[in-house]
């Protein structure tokens, strides 16, 4: 596996211009924006609430805020793909049912994350009301988190965020997390690619967003920067072995633009206080789609622990132009 960053005297064009337009919802979690039957939706993970007593998935109408009925109970890290009249949602299973402990607590509990199970499940619908579901990938030797699916050169490809499972030694899994890949000809039957087809064990690489244009697979992932900071980077490959790193990385950085509501969006007093004052070190879980001639980008701000808002940004161009612009 090789990685190309840039050469001596590398020449580039101007940096792509991304306009941050503000926070749109509190308690942000994993999501994928899609166009389904002509309407813009976001397929999202959701915490337990009055609509569903456990973690679940739902589909949100981006224009109206209307929610589909909950589905995918006890599944995490939602992603989505649309083809024709079918919406496909993907999520990963729990590893165990022990409570989440994200820090050293008074009772001595240490960090434990029950998410990152061994199974990817696919949910399909043609009407947002009735869902069919099936397990499509099961790997007991590794833990799986975020996913992303696109249609590529010879079928469909899924990027999967992976970490170690105790008791198994997979050399290609490096610094948590590493992205591995699966492929399918029909969206029903999936097979993991060989472990050498992965990126990258050398650095933290999380929450992928995968696209395909003109022979290139473009992937956005979150990288961990020094002093506990997180920002999204973009890479591309033609074979999943050799990778190029975009010249204009990171795509975006945390900043005060993340702390203001999008015009027309209102938060209650407690939410507004968090938005404006909680430590912001993060632009994570970036995903995007082309809508009304522009590329709309959604990402999470916050502290990577217990506070995040879903924020929106815009690139004035097509999705294809957006991903290509980081490599010229």
Q. Mean shadow of the stretch 1-58, computed from the convex hull of its alpha carbons, in nm²?
A. 8.9
(Q) Place a point 7 Å from the Cα of residue 242 along the Cα-to-Cβ direction; which residues of the stretch 285-328 have their backbone N under 19 Å from it? (A) 327-328
Q.
Can you order the peptides 277-283, 11-17 by their average number of other Cβ atoms within 10 Å per residue, highest first?
A. 277-283, 11-17
Q.
Need the C-alpha centroid separation for the stretch 201-222 versus the stretch 241-314, integer Å.
A. 18
Q) Over the Cα atoms of the chain, Rg to Rh with Kirkwood Rh, two decimal places? A) 0.94
Q: Just need the relative contact order of the chain here, percent rounded to a whole number, with Cα pairs under 8 Å and 6+ apart.
A: 18
Q: Please give, to one decimal in nm, the separation of the simple spin-label points placed at residue 260 and residue 18, each 7 Å out from Cα toward the Cβ.
A: 1.8
(Q) Pick from 51, 121, 95 the residue whose mean-square fluctuation is largest in a GNM of the chain, springs joining Cα atoms under 10 Å. (A) 51
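Going by C-beta contacts inside 10 Å, put 158, 100, 122 in order with the fewest on the left.
With the sparsest Cβ surroundings first, the list reads 100, 122, 158.
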(Q) Sort 315, 168 by Cβ crowding within 10 Å, fewest neighbours at the top. (A) 168, 315
Q) Any idea what the relative contact order of the stretch 54-144 is, in percent, if you count C-alpha pairs under 8 Å spaced at least 6 apart? A) 22
Q.
Running a GNM on the chain with Cα contacts under 10 Å, which residue among 159, 231, 48 ends up with the highest mean-square fluctuation?
A. 48
Q) For the stretch 69-185, which semi-axes, largest first and in whole Å, follow from the square roots of 5 times the eigenvalues of its Cα gyration tensor? A) 28, 19, 10
Q: Just check the stretch 1-125 against the gyration tensor rule for me: Cα atoms, a ≥ b ≥ c as the square roots of the eigenvalues, rounded for a/c under 1.5, and otherwise prolate or oblate depending on whether a/b exceeds b/c.
A: oblate
Q) Each label point is 7 Å from the Cα along the Cα-to-Cβ direction; what then is the distance between the points at residue 303 and residue 112, in nm? A) 2.3
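Once the piece of chain linking residue 54 and residue 7 is laid out straight, how much longer is it, given 0.36 nm per residue of separation minus the C-alpha distance between them?
In short, 11.9 nm is gained.
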**Q.** Within a Gaussian network of the chain (alpha carbon springs, distance under 10 Å), most fluctuating of 300, 207, 150
**A.** 150
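Hey, could you get me the Stokes-Einstein D for the stretch 173-289, Kirkwood radius over alpha-carbon pairs, 10 °C and 1.306 mPa s, rounded to whole µm² s⁻¹?
Numbers: Rh = 16.4 Å.
This corresponds to a translational diffusion coefficient of 97 µm²/s.
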Q | Full-extension gain in nm, residue 228 to residue 277, via 0.36 nm per residue minus C-alpha separation | A | 15.9 nm
Q | P(r), alpha carbons of the stretch 227-302 - 5 Å bins starting at zero, rounded % | A | 3, 12, 17, 20, 19, 13, 8, 4, 3, 1
Q. In which sequence would 184, 284 go, from the one with the fewest C-beta neighbours within 10 Å to the one with the most?
A. 184, 284
Q. By how many nm would the segment from residue 97 to residue 67 grow when fully extended, if each residue of separation counts as 0.36 nm and the alpha-carbon distance is taken off?
A. 8.1 nm
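We did not get these values from a lab; they are worked out from the coordinates using the rules stated. Bear in mind that the values here come from a model prediction, so they are computed numbers and not experimental data. With ideal geometry, Cβ positions are generated from the backbone for all residues, glycine too; neighbour counts draw on all protein chains shown.
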